[in-house]
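Following: one structure in structure tokens, then a few remarks.
The values are calculated or read from the model by the stated rules, or taken from the named source; none is laboratory data. Since we're looking at a predicted model, the values are computed, not measured. Please note: Cβ atoms are built from the backbone with ideal geometry, for glycine as well, and neighbour counts cover all protein chains shown. In case anyone asks, the SASA skips ligands and DNA or RNA and just uses the protein heavy atoms, side chains included. Shrake-Rupley method; radii C 1.70, N 1.55, O 1.52, S 1.80 Å.
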Amino acid sequence: MAIAIALAGNPNSGKTTLFNSLTGSSQYVGNWPGVTVEKKQGTYVRDKDVVITDLPGIYSLSPYSPEEVVSREYLIGERPDVVVDVVDSTNLERNLYLTSQLLELGVPVVVALNMTDLVKKNGDAIDVAKVSEQLGCPVVEISALKGAGVAEMMDAALAAARDGKPAACRMRFDAAVEEAIERIESSIADNAPAALARWYAIKLLEGEQRAIDALSPDAAALETAAAVRASLEERLDDDAESIVTAERYDAIAHLVDRAAKKSRKGMTATQ
Ligand code: GDP
Ligand code: K
Ligand code: MG
């Protein structure tokens, strides 16, 4: 049985560098159907039964650009056996914004902390175990450019693919927002696949039409979502989409605060 691996991540996080080193010369390059977004697939140099897709670079899974739509439809529709989330570790907070969304898709995820050669050069350090614990998925440090850690990362990705367990993210939002998500989640329990329940609940909370169309929940669930959204927006005095965005950044800031150690010029790290 072939194993499908998708490489996802922000633009310039090193996806194509990693893709090239994983696939060597066995590559197919075309376009995604209907759009002029490049589609790259290849097979793993160590195992021809492993098919790797280099997804277009994106900052978010919102449906505002063709790149976002292509990545999202592929991840939700095709359901690869594992997503390797390629993260630029020198820009952890910004990159983890996409990670927080990938973890909601109900597929196994392995986070590849890339550019660790630069992190080390800057005198910074990342506590990989802490990041892994918070994200609820395997996390491996790599340098796609230098090849460091790439084989270990692939072993972790293949193990996660065979295991098939989706990530168990421990990143949680403020109580009021979690309560809103839970209420919508129970209203779509019969509609949404369990693995995607949180993803769809958040999309309904945001009132995102593309996801609502894809799920087509019953009228009662739509009513619940609208009421929950209105009450949360009133309570927090902001629109739901901005509320969710802020919650993601808060949760990430909290995580990075505990897991990343920045070097301070002229100061000795105390712990
Ligand atoms: P993509 O947009 O995600 O496909 O990113 P690319 O693979 O095109 O890489 C963007 C830039 O980062 C290129 O100049 C790469 O050479 C560089 N790069 C990729 N991985 C690493 C790495 O691990 N370390 C360093 N120092 N540079 C890297
Ligand atoms: K690029
Ligand atoms: Mg690329």
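How many angstrom separate the Cα center of the range 23-39 from the Cα center of the range 68-90?
15 Å
Taking the Cα centre as origin and putting +1 on Lys and Arg beta-carbons and -1 on Asp and Glu beta-carbons, what dipole magnitude results for the range 3-163, to the nearest 20 debye?
It comes to approximately 320 debye.
Would you mind putting 108-117, 162-171, 28-37 in packing order, based on average other-beta-carbon counts within 10 Å, highest first? Mind showing how you got there, number by number?
Values: 108-117: 25.2, 162-171: 14.3, 28-37: 11.6.
In descending order of packing, they fall as 108-117, 162-171, 28-37.
Nearest 20 debye, what's the magnitude of the dipole of the chain about its Cα centre given +1 on Lys and Arg Cβ and -1 on Asp and Glu Cβ?
That gives a dipole near 1280 debye.
Treating the angle as unsigned and between 0 and 90°, give the value, to the nearest 10°, between the Cα long axis of helix 175-187 and the longest Cα principal axis of the chain.
Helix 175-187 sits at roughly 80 degrees to that axis.
For a quick check of your reading of the filter: which chymotrypsin sites (Phe, Trp or Tyr not before Pro) in the range 57-160 sit in a DSSP loop and have no more than 12 other Cβ atoms within 10 Å?
On the way: sites: TYR59, TYR64, TYR74, TYR97; in loops: TYR59, TYR64.
Filter output for the range 57-160: TYR64.
Which shape class applies to the chain: rounded if a/c is under 1.5, otherwise prolate when a/b exceeds b/c and oblate if not, where a ≥ b ≥ c are the square roots of the Cα gyration tensor eigenvalues?
Oblate.
Once the other residues with Cβ under 14 Å from the Cβ of ALA197 are scored (Lys, Arg +1; Asp, Glu -1), what is the net sum?
Numbers: positive: ARG183, ARG198, LYS203; negative: GLU104, GLU178, GLU182, GLU185, ASP190.
Result for the local shell: -2.
Roughly how far apart, in whole Å, are the Cα centres of the range 206-224 and the range 1-16?
30 Å
For the chain, report the accessible area per residue in Å² (1.4 Å probe, heavy atoms, rounded to an integer). Kindly include the intermediate steps, with their values, before the conclusion.
On the way: 12930 Å² over 271 residues.
Here the per-residue accessible area is 48 Å².
Please name which of VAL111, TYR64, TYR97 has its Cα lying farthest along the dipole of the chain towards the positive end, using unit charges on Cβ (Lys, Arg +1; Asp, Glu -1) and the Cα centre as origin.
Going by the charge dipole, the pick is VAL111.
Suppose the chain between ASP190 and ALA230 were pulled fully straight at 0.36 nm per residue; how much longer would it get relative to their current alpha carbon spacing? All intermediate terms of the calculation are to be shown ahead of the outcome.
Values: separation 40, 0.36 × 40 = 14.40 nm, distance 2.32 nm.
Extending this stretch completely gives an extra 12.1 nm.
Relative to the longest principal axis of the C-alpha atoms of the chain, give the angle of the C-alpha long axis of helix 150-163, reported between 0 and 90° and rounded to the nearest 10°.
Helix 150-163 sits at roughly 40 degrees to that axis.
Quick check: the angle from helix 197-206's long axis to the longest principal axis of the chain, C-alpha only, nearest 10 degrees?
Between helix and principal axis, roughly 60 degrees.
Once the piece of chain linking ASP250 and SER26 is laid out straight, how much longer is it, given 0.36 nm per residue of separation minus the C-alpha distance between them?
Gain on extension, ASP250 to SER26, equals 76.5 nm.
If amide hydrogens are placed 1.01 Å from N in the peptide plane, which non-local residues have theirs closer than 5 Å to the one on LYS261?
Correct list: ALA125, ILE126, ASP127.
In a GNM of the chain with a 10 Å cut-off on Cα contacts, which of GLU247, GLU178, GLU206 has the highest mean-square fluctuation?
Among GLU247, GLU178, GLU206, the largest GNM mean-square fluctuation belongs to GLU178.
Please list 3J(HN,Hα) in residue order for the range 213-221, calculated via the Karplus relation 6.51 cos²θ - 1.76 cosθ + 1.60 where θ = phi - 60°; whole Hz, with x for glycine and proline.
Using θ = phi - 60°, the values come out as 4, 5, 7, 6, x, 6, 4, 5, 5 Hz.
If I take R0 = 45 Å and measure r between the Cβ atoms of ALA219 and ASN12 in this structure, what FRET efficiency does the formula 1/(1 + (r/R0)^6) give, to the nearest 0.05?
0.55
Using a 1.4 Å probe on the protein heavy atoms, what percent of the accessible area of the range 3-163 belongs to carbon and sulfur?
That share works out to 49 percent.
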